[in-house]
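Notes follow once the structure below has been shown.
The values are calculated or read from the model by the stated rules, or taken from the named source; none is laboratory data. The structure displayed is predicted, hence computed values, not measured ones. Here the Cβ positions follow ideal geometry from the backbone for every residue, glycine too, while neighbour counts run over all protein chains shown. Each accessible area value is taken on the protein alone, full model and side chains, heavy atoms only, with ligands, DNA and RNA left out. Shrake-Rupley method; radii C 1.70, N 1.55, O 1.52, S 1.80 Å.
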Amino acid sequence: MLIVYSQTFSQSKYTINGYVKDKETGESLISAAVSFPSAKTGVNTNAYGFYSITLDEASYSISVSYVGYKTFKKEINLNDNIKLDIELEPNEVLSEEVIVTARKVDENVKSVEMSSIELSTATIKKIPALLGEVDIIRSIQLLPGVSTVGEGATGFNVRGGGVDQNLVLLDEAPVYNQSHLFGFFSVFNPDAVKDVKLIKGGIPAQYGGRLSSILDVKLKEGNSKKFDVNGGIGTIFSRFSVEGPIIEDKLSFIVAGRRSYIDVLAGPFLQDGLEDAQLYFYDLTAKANWKIDDENTVYISSYFGRDVFGTGFSFNWGNRTFSTRWNHLFSDKLFSNLTFYYSLYDYQIQFGDDGFDSFKLESDIQTQGLKYDLDYFVSNNSNIKFGAEAINYGFIPGSASGATDGTEIDVSVNNRLGLQTAAYVDQEYDVSDNFTVKYGARFSNYLNLGPYDVYTYDENSEPGRSKDVLSVKEAGRNEIIEDFFNFEPRVSMKYNLGNTSSVKLGYNRMAQYIHLMSNTAAATPVDLWTTSSNNLKPQLADQIALGYFRNFDDNQWETSVEVYYKDLQNQVAYIDGANITLNDQLEADLIQGDGRTYGAEFYVKRTRGKLNGWVSYTLSRTERKIDGINNNDWYPARFDQTHKFNLTMIYDASEKWSFSTNFVYLTGTPITFPTDVFVFQGLSVPINAPNTRNQDRITDYHRLDLGATYRPFNEQDDWWKGEWVFSIYNVYNRRNAYSISPGIDDGLRQATRLSIIGSIVPSVTYNFNFDLNQVIYGDENE
């Protein structure tokens, strides 16, 4: 039930609204605090920097604040509806106001939102990084509740979820594989990123389609005041970006590109047939926005990236995304956003190219989506969000052909189609000064569509064995094979215990209709996506979280403790020996069952000052129970990690020097080792006699990194700003195990450890920024 507050007042009421932006760049500021102290009320800007508030006719002092910016204050006489756009000026003394969050100072306590964390790109760029290259995915892995199964692993795990259970958005477009170079770097260019937000629980109704988390990455809009150039020359790749106004304060753009050059550096040293080896990646990110008038703004964003790897063969993979958004202001209180997006992830493998002896495999997932979101600012204590979404999926699990002695053979598997629709409504309501509730629901539907050969399997087959085929039917184009519907309620509550502390409770149900097929230790570029069907049910999750939040020393210190429990249904697992590549009967080798994950997260962060950073600890357990596996008992999931500890510190010693350090400790991930050895005709074969799974663990993971940034400064050449970034990754040379492979030698069991990074990795990067206007026009442009 939605509460729309309406009452007759003798005193007139008027609305004040507008946008809050950065004075130097014109970038909109998300979650800036717009307050009216005399009225003891206020609002936050939305994802596009827009705010709206209705007050009694009177004179007020308006105050607008945002971390890292000077507070804006102004006296207004509210005797009519007012549009007031506000530009905030960044703080001049950076060493005294280091930004380690991208929102208002006490939002962690005052907001009803929980289990969510934002990181500014300024903070991300100061964290010690592998080969000195800033990376968003690796940075969020330093947060509580977020982990990975090892170095070089694609994706990340959140509160016991698989890598496919995270909805990763780049300006609203989903990104299906977020990694370059087999997981060492992410696809997000930090020079083009504006805001990074991770939501782990209490997920708002506007999001759906994944079980565990939302990673919402928003790109910069492009400097609308002046032309700006950024770049960096590093150990492994270089970056370059340019942004600026086409029409000042009306039309702006940003274009950012990266290219690695391992192949160029290694080329002179390769021999013995490796001269033509390829190993590199590149990507291009672009965005433009056009403020048509005070009521309409259009955004266009795109990304294209590719990894190329090969030596005697060709292997490449990558993402393409495109999104266009139209912001429209219907009235002082009704804000809308219409989005169309396209996303493609694909990979290609080819051996031989002469048509006589060759093999070629292609696989992809394509998505086209249309989404309409509306914000209705009902009153000072009520805000309603509602909207609808339609997503069209196209799955090509394997288009493959080969040639032997000139004879061509097509071994492709059936393509799949799916259509997902959803509608949602969400209301945030301040019941009193201390109690706020946010509640809503998402209604989702998924259609599994033809044409393809539809198999029906014997569900009474022996658990843990490939299912027998009962029938095969050829479905026609757009024929509905299976129809799923789910009701997904959401609720969050917050109660203030004072000005500096609060307790929060959140619940959400999530449904996921697409699944990533991967039976390796970690996701890889050749894993494939598939659809829910008559044999594969949608995955479901119910999560409840409780948290206590408290700030100290004028919000300089943030602390929180959260506990959570997540019940998982229809989790996908594989029988022993399952084949996921070019298998039209893949679903016969899949089994589904239950899962559970629970834990506690402890977080302490210093938000500003010369010394800042955070420390976090996560205690958790993630288990699965699936008939046919582990004797039908609960067993640890592959990404279960009992303990996770992280310490990140940043020290700004002066305007020229800053230092940082990072320490990570993780419990080793589970693994299945053979329990016995079977000897046949002199050959020793390892076997798992009790049929257990993940009964052992690899060794614990821990690592220390150090970083330093030097900024030479010359007042005579202040148009150019450069910095040297020095980093040491894995300082004490720890050989962390990525995997351990069991084997037999002379009848004795042994294990071989694989370490992806088994040594210390020093690096240096030079970053630069300059004002292109000043280069061209000099001081005359000032």
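Worth pointing out:
- Ordering Asn535, Tyr766, Thr121 by Cα displacement along the dipole of the chain toward the positive end leaves Thr121 in first place; charges were set at the Cβ atoms of Lys, Arg (+1) and Asp, Glu (-1).
- Listed by chain and number, the lysines whose alpha-carbon sits under 24 Å from that of Lys73, ignoring those within fewer than 8 places in the same chain, are Lys13, Lys21, Lys23, Lys40, Lys83, Lys104, Lys110, Lys225, Lys333.
- Global form of region 132-281, assessed from the alpha-carbon gyration tensor, a/c cut-off 1.5: oblate
- Stretch gain in nm, segment Leu497-Arg259, where the contour uses 0.36 nm per residue and the Cα spacing is subtracted: 80.6 nm
- Peptides 629-636, 226-233 ordered by packing proxy, namely the average of other Cβ atoms within 10 Å per residue, highest first: 226-233, 629-636.
- Label-to-label distance, nm, for residues given as Ala600 and Tyr665 (7 Å Cα→Cβ offset): 1.7 nm
- Each peptide among 31-44, 465-478 gets the average number of other Cβ atoms lying within 10 Å of its residues, and from highest to lowest they stand as 31-44, 465-478.
- Distance-filtered residues of region 536-557 - backbone nitrogen under 16 Å, label point 7 angstrom along Thr456 Cα→Cβ: 536
- Taking label points 7 Å from Cα along the Cα-to-Cβ direction, Lys73 and Arg735 give a separation of 6.3 nm.
- The Cα center of region 583-638 and the Cα center of region 20-95 differ in position by 40 Å.
- In region 581-687, GluC sites (Glu not before Pro) in a DSSP loop with at most 11 other beta-carbon atoms within 10 Å: Glu655
- Length-normalised contact order of region 345-411 in % [C-alpha pairs under 8 Å, at least 6 apart]: 35 percent
- Full extension of the segment from Asn91 to Phe552, taken as 0.36 nm per residue of separation minus the current Cα-Cα distance, would add 163.7 nm.
- Packing-based order for 200-207, 456-463, using average beta carbon neighbours within 10 Å, highest first: 200-207, 456-463
- Dividing the helix sum by the residues of the chain, where each DSSP H run of 4 or more adds -39500 (n - 2.57), gives a mean residue ellipticity at 222 nm of -500 deg cm²/dmol.
- Calculated FRET value between Gln348 and Asn296, using beta carbons and R₀ = 45 Å, to 0.05: 0.65
- Approximating the spin labels as points 7 Å out from Cα along Cα→Cβ, the Ala441-to-Phe313 distance works out to 5.1 nm.
- Pairs from Lys200/Lys291; Lys226/Lys287; Lys438/Lys625 whose Cα-Cα separation, in the structure shown, is over 26 Å: Lys200/Lys291; Lys438/Lys625
- Nearest-20 debye value, the chain charge dipole, Cβ charges on Lys, Arg, Asp, Glu: 2080 debye
- Three principal axis lengths of region 167-212 [C-alpha, angstrom, descending]: 33, 23, 17
- The value of relative contact order for the chain, using C-alpha pairs under 8 Å at least six residues apart, is 11 percent.
- Potential lengthening of the chain between Thr675 and Trp720 amounts to 9.8 nm, from the contour at 0.36 nm per residue minus the alpha-carbon distance.
- Taking the accessible area of region 299-370, probe 1.4 Å, and keeping the other protein chains in place, the carbon and sulfur fraction comes to 62%.
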